[in-house]
Amino acid sequence: VGAENINTDIVTLSRFFTEEQIKYPEASGDFTLLCHALQFSFKSIAYYIRRASLINLTGLAGSSNITGDDQKKLDVIGNDIFISAMRGSGKCRIIVSEEEEEVIRFDEHPDARYAVVCDPIDGSSNLDAGVSVGTIFGVFQLPDELLGPNKTVGPEDLLHPGTSLVASGFTMYGASAQLVITMRGGGVNGFTLENSLGEFILTHPNMRLPESRSIYSVNEGNSKYWDEWCNAYFHSLKYPEDGGKPYSARYIGSMVADAYRTLLYGGIFAYPADSKSPKGKLRILYECAPMAMVFENAGGLAVNSRMERLMEVVPETIHDKSGVFLGSKNEVQKVIDMYNKYK
Ligand code: FBP
C-alpha cells in the first residue's frame, strides 16, 4: 500500500467528543469527561472479553444477580470496570447497573450532574460460546436542585422516560468492537475499535436504518405464550398474503448483536411481552430506552407491546421491564397495524 492510500484524516472517538463539545461554547466539559470514562470502560471490557478463554474468565462466578441468573465471571468484571470508570470520571453522581439490585451513589462527587444506566455485559448467556455480547448505556442529566453536598439522590430520580436521556448507545464486542452512540436531538454514529491503536475510529457516520427490510428477529420458541395478534403478525411475515417471498429469520439471542444487525440492514427486532412474562424480558432503563433512542435517531421506530412509543415509557422501578419492537419504520408500522386489527 502506497503512503498516498493511507487515510490520515481519521476521526477518533476522542476527537469526536472534543468537536461535539466545541459546538457548545457554554459546555463545562463535564459531559466530555464522562464520555471519556465510558470509552475507557468499553475498551477495558473489550480487552477482557477477547482474552476470556485464555485467562480462564469463562464460566460461573458463583453468585447470582437480582434476576436469579447465575453470574458469569465476566459479568462481575464488566460491572466492576464500569462502576470504577464512572466513579473515576468524577462526573457521575449515581448509577444503575443490571448487575446491582440497588443504585450506586458516588457521594464523594456531590456536584456531579450525570446519572448513568447500564447493562455492562448484555447477552452474557452467549459468552462461553464466543458469541457477540455488548454494553448498553444511557446518560441522564440531574436537575440543579439535586446537586450539592446536602442533597440525596435516589432511585426515584432515575425513573424517567427515554425522552429525558441526553445520550445513549451500546458497544458490541464482536469480530471487532463496535460502538454506536447518539446524543439527544442528534444523529447516530458508529465507531470501530482499532485494537493496535487502542482507538475507536468513526467508521459509520450518520447511521440511518433502511425504511423496510424483510428480516425478523425474535425468540420464536416463545410463540406458545404470545398474544393472538403477535402470532398473527409473525405468521403474516412467513406466509405473506400476496403470495410473495417470506421474511428471513435471524436471531442471535444477544440484544446488541441483533440490534446492531437491524440498525445496519433494517428489519425488525422484537422481544414481546407474553403470558409467561407479562412485562416482557428486557429492562426499560438500560436496555429498551437507550436502544429506542438509537433507533429513533437513526430514522427507525420503537414501541412496546401496547404499541406505545418506547421512549415515553416511564419505568416504575429501576429494573422494570417492557415488551419491545424496534426496527425499520415500515416494519414497526406493520406490527402496529396488526395490533390495531386485533384490538
Ligand atoms: P441478559 O442481560 O441476562 O444477558 O439478558 C438479555 C438478553 O440476553 C438479550 O441480550 C437478548 O435479546 C435476550 O436476553 C435473549 O433472551 P432469550 O434467550 O429468552 O431469547
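Below is a table of values for the structure above.
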{"quantity": "Choice from Gly123, Gly243, Gly327 showing the highest fluctuation, given a GNM over the chain with Cα pairs closer than 10 Å", "calculated": "Gly243"}
{"quantity": "Max mean-square fluctuation residue, GNM over the chain, Cα-Cα springs under 10 Å, options Pro315, Pro120, Pro149", "calculated": "Pro149"}
{"quantity": "Centre separation in Å (Cα based) which lies between the range 79-116 and the range 227-302", "calculated": "31 Å"}
{"quantity": "Residues of type lysines that Lys151 reaches as a straight line, Cα spacing below 16 Å, ignoring anything fewer than 8 places off in the same chain", "calculated": "Lys91"}
{"quantity": "Beta bridge orientation in the chain: antiparallel %, DSSP, nearest 5", "calculated": "85 percent"}
{"quantity": "Fully extended contour minus Cα-Cα distance, from Tyr47 to Glu228, at 0.36 nm per residue", "calculated": "60.7 nm"}
{"quantity": "Dipole magnitude (debye, nearest 20) for the chain, charges at Cβ of Lys, Arg, Asp, Glu", "calculated": "780 debye"}
{"quantity": "Choice from Tyr271, Tyr47, Tyr260 with maximal GNM fluctuation in the chain (Cα, 10 Å cutoff)", "calculated": "Tyr47"}
{"quantity": "Convex hull of the range 196-343 built on C-alpha atoms - directionally averaged projected area, nm²", "calculated": "10.1 nm²"}
{"quantity": "Debye intensity ratio in log₁₀ form over the Cα atoms of the range 117-173, taken at each q of 0.18, 0.20 Å⁻¹", "calculated": "-0.72, -0.80"}
{"quantity": "Förster radius 30 Å - calculated FRET efficiency between Asp107 and Glu312 (Cβ-Cβ, nearest 0.05)", "calculated": "0.40"}
{"quantity": "Rg/Rh ratio calculated on Cα atoms of the range 95-138 (Kirkwood radius)", "calculated": "1.12"}
{"quantity": "Straight-distance crosslink candidates among lysines, where the alpha carbon sits under 21 Å from Lys73 and sequence neighbours closer than 8 are dropped", "calculated": "Lys43"}
{"quantity": "Scattering profile of the range 126-234 at q = 0.15, 0.21 Å⁻¹ [log10 I(q)/I(0), Debye over alpha-carbon scatterers]", "calculated": "-1.00, -1.16"}
{"quantity": "Computed over the range 280-343, Kirkwood Rh from alpha-carbon pairs, angstrom", "calculated": "11.7 Å"}
{"quantity": "Lysines with Cα under 20 Å of Lys279, excluding same-chain neighbours fewer than 8 positions away", "calculated": "Lys224, Lys321, Lys343"}
{"quantity": "Over the chain: helical MRE at 222 nm, DSSP H runs n ≥ 4 each giving -39500 (n - 2.57), nearest 500", "calculated": "-9000 deg cm²/dmol"}
{"quantity": "Dipole-positive endmost among Gly134, Asn219, Tyr173 within the chain (Cβ charges, Cα centre)", "calculated": "Asn219"}
{"quantity": "Most positive-pole-ward Cα, Thr317, Asn7, Leu158, against dipole of the chain from beta carbon charges", "calculated": "Asn7"}
{"quantity": "Debye-sum result for the chain in log10 I(q)/I(0), which assumes one identical scatterer on each alpha carbon, at q = 0.06, 0.09, 0.10, 0.13 Å⁻¹", "calculated": "-0.21, -0.48, -0.59, -1.00"}
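Read the figures in this text as sums done on the coordinates, not as results from a lab. Keep in mind that this is a model prediction, so the values were computed, not measured. Cβ: placed from backbone, ideal geometry, glycine included. Neighbour counts: every protein chain shown.
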